[in-house]
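Take a look at the structure below.
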Amino acid sequence: MKHFLKLLDCTKEEIIELLDLADRLKQYVKEGKEHHFLKGKTLGMIFEKSSTRTRVSFETGMYQLGGHALFISSRDSQIGRGEPTQDTARVLSRMLDGIMIRTFEQKEVEMLAEYGSIPVINGLTDFCHPCQVMADLQTIREHKGRLEGLKLCYIGDGNNMANSLIAGGLKVGMDVSIATPEGYRPAPEVLEFARGYGAKFLLTDTPMEAAKDADVVVTDAWTSMGQEEEKKQREAAFAGYQVNKELMAAAKPDAMVLHCLPAYREQEITDEVFEQHANEIFDEAENRLHAQKAVLVKLLG
Ligand code: CP
Ligand code: NVA
């Protein structure tokens, strides 16, 4: 494993190995045990979109691992003025030990990996959000004790989160069902991958059908970063795709609820359901730190 660009690239064994390492690293933090596995290493973090969790978890993670993280905003660097990715990749490879990037096009991340000579980690693109789903899987395993055979359902926009949940969930042996309106489906290449899993995958436009007997219910914002101009029309398209009490009644009585955050209450999720499951949702947020440290140790260690 040289890069962490999308979960479609990872094997089940690689994902499980990262989750095991993430659990171990979380334990070290809880015990206050020093774990400087990346002493003297520097991670560059390129942000072309806003972030709270991703920035804080990568920066804190590198510090806890004995290394250093460098925040590179596209606005204040030559990246925002159009310096080609091929050149940025080669320059950063001469100075850093790894790059994390949050950007729009997946192609950009793949190109950084192709032209650079150091590991590249995807911190969210329009196509996927693999670091988030590693934290989601860690959280589900913590709460449920296993992944294999559980039913995960995702309600709402067929966006970067939906794409990564399908890839990650199916790879680790979960059943995955997705409810999105027509016109807001997950990416074609992800659906193509999912079709190979037969009855373990369901795509529907009926949220109740997707949520039936689910062990885990997941949703995400209806308007992702970069889509702000379409906000009104998206809100209209997703009415009826809310995670609320009625939808939760279709899931198992002990079903978990996850949300990558930021959440928009009374849109994709009611305040009531969010607060009932706040413990799981904030465990999920915390696990960004542990799951990404596992990725960092694996790639940079
Ligand atoms: N979930 C997530 O990636 O959050 P940020 O946008 O705050 O990084
Ligand atoms: N789908 C959201 C996730 C934010 C973490 C977005 O891309 O804005």
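At a glance:
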| read-out | value |
| --- | --- |
| Stokes-Einstein D for the chain, Kirkwood Rh over Cα pairs, 10 °C, 1.306 mPa s (µm²/s) | 82 µm²/s |
| Student exercise, the chain dipole from Lys, Arg, Asp, Glu Cβ charges, in Debye to nearest 20 | 900 debye |
| Whole-Hz ³J(HN,Hα) from phi, Karplus 6.51 cos²θ - 1.76 cosθ + 1.60, for region 13-27, glycine and proline x | 4, 4, 5, 5, 4, 5, 5, 5, 5, 4, 4, 5, 5, 5, 4 |
| Acute angle (nearest 10 degrees) that the helix 278-300 long axis makes with the longest principal axis of the chain, alpha-carbon atoms | 40 degrees |
| Around GLU108: net Lys/Arg minus Asp/Glu count, Cβ-Cβ under 12 Å | -2 |
| Local net charge near MET208, Cβ-Cβ under 13 Å (Lys/Arg +1, Asp/Glu -1) | -2 |
| Cα gyration tensor shape of region 186-301, rounded if a/c is under 1.5, else prolate or oblate by comparing a/b with b/c | rounded |
| Region 17-67-region 118-189 distance, computed between alpha-carbon centres (Å) | 21 Å |
| Region 1-143, dipole about Cα centre (Lys/Arg Cβ +1, Asp/Glu Cβ -1), debye to the nearest 20 | 360 debye |
| Magnitude of the charge dipole, region 120-208, Cβ model with Lys/Arg +1 and Asp/Glu -1, debye to 20 | 360 debye |
| Protection proxy ranking, peptides 15-28, 281-294, average beta carbon neighbours within 10 Å, highest first | 281-294, 15-28 |
| Mean separation of Cα contacts under 8 Å (6+ apart) over length of region 75-195, as relative contact order % | 19 percent |
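Every number in this text was worked out from the coordinates using simple rules, so none of it is lab data. Remember, it's a predicted structure, so these values are computed and weren't measured experimentally. Positions of Cβ are generated from backbone atoms using ideal geometry, with glycine treated the same way; all protein chains shown enter the neighbour counts.
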